[in-house]
Amino acid sequence: MTLSMRNFLAVDEDTLTQSLEQRGPMSPLLEAIGTRLSGPGKAAVGRAVGSAADTLLDLDLGEMLLAGWRTYEALRKAARSTVTEPSSTELVELASHRITSTYEPHVDLYVDDKKLYELKLTLSVLFEVHSLIATVRAAHLVDLQCGRCDVTGKMSWSGGTLLEKSGQIEAPLVVPLGSGVPLLHVTELPAASWRGTARVSPLPLSWEEAR
């Protein structure tokens, strides 16, 4: 099971459009345009802003968590110790911790090669994970047992908050482990293990131990 920001925030197309128009950047953006664009041109600008916001809503919470855990040294250490012994398994217990992910797409409006407006949208997601036991086998994360996972997601722009929600998720249910998630970069693997190993690009994030 996957969980997108769209589903977590419970946002449909009408709700997003309403937020952009009533609490969001559409009014100041249209003011900046003035009479420089026709009706169809303004509609195209509105679609571009909506598309940027919509893209943020398609991001997956499980992938964000995985990106954070891939940077955790205790998991990477277990991966390094099991990579040469595929039959060995290590259980890693992580204390309560936080993972934050931030995304900032922007839309620049140009008319006649002149920049009229720069709009930056921000999606910030904070995970507070209350204990985690991870199973590592052959340098892959293969199982999770997780305590409570509190999540706060917020989409905003320079003028304020567009969408925001806090709640709890069942992390083991939304993290897509499949047959195992690689914890090491392909260049960290023994030469004999390179073939058939996926190359993973982590998402933007920061890691912070809970205090």
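Structure notes:
- Applied to the stretch 26-31, the Karplus parametrisation 6.51 cos²θ - 1.76 cosθ + 1.60 on θ = phi - 60° returns per-residue 3J(HN,Hα) values of 4, 4, x, 5, 5, 5 Hz, with x for Gly and Pro.
- Its Kirkwood hydrodynamic radius, worked out from the mean inverse distance over all distinct Cα pairs, puts the stretch 36-158 at 17.5 Å.
- Taking every alpha-carbon pair under 8 Å whose residues sit at least 6 apart, the stretch 5-209 reaches a relative contact order of 23 percent.
- Sequence-ordered 3J(HN,Hα) estimates for the stretch 171-178 from the Karplus curve with 6.51, -1.76 and 1.60 and θ = phi - 60° stand at 3, x, 7, 9, 8, x, 7, x Hz, glycine and proline given as x.
- Annotation for Arg148 and Val186: the two label points, set 7 Å from Cα along the Cα-Cβ direction, are 4.2 nm apart.
- Using bins of 5 Å that start at zero, the share of Cα-Cα pairs per bin across the stretch 5-209 amounts to 1, 7, 14, 16, 14, 11, 10, 8, 7, 6, 4, 2, 1, 0, in whole %.
- Across all directions, the average flat footprint of the convex hull enclosing the Cα atoms of the stretch 154-193 is 5.7 nm².
- Pairwise label distance in nanometres, Ala44 with Glu170, each label 7 Å out on the Cα-Cβ vector: 4.8
- Rg and Dmax [Cα atoms of the stretch 109-158; Å; Rg one decimal, Dmax integer]: 20.5, 58
- Extending 7 Å from Cα along the Cβ direction at Thr35 and again at Ser158 yields two label points whose distance is 2.6 nm.
- For Val83, the amide hydrogen comes within under 5 Å of the amide hydrogens of Ala139, counting only partners 5 or more places away or on other chains and with H modelled in the peptide plane.
- A simple rule links phi to the HN-Hα coupling: the Karplus curve 6.51 cos²θ - 1.76 cosθ + 1.60 with θ = phi - 60°, which for the stretch 7-17 gives 6, 4, 7, 6, 10, 9, 4, 5, 5, 5, 4 Hz, with x for Gly and Pro.
- Residue separation of Ala74 and Tyr110 scaled by 0.36 nm, minus their Cα-Cα distance, works out to 8.2 nm of gained length.
- Within the shell defined by Cβ-Cβ distances under 10 Å, the residues around His106 carry a net charge of -2, with Lys and Arg each +1 and Asp and Glu each -1.
Every number here is computed from the coordinates shown, using simple stated rules; none is lab data. On a predicted model such as this, the values are computed, not experimentally measured, just so you know. For neighbour counting, all protein chains shown are included, and Cβ atoms are generated from backbone atoms with ideal geometry for every residue, glycine included.
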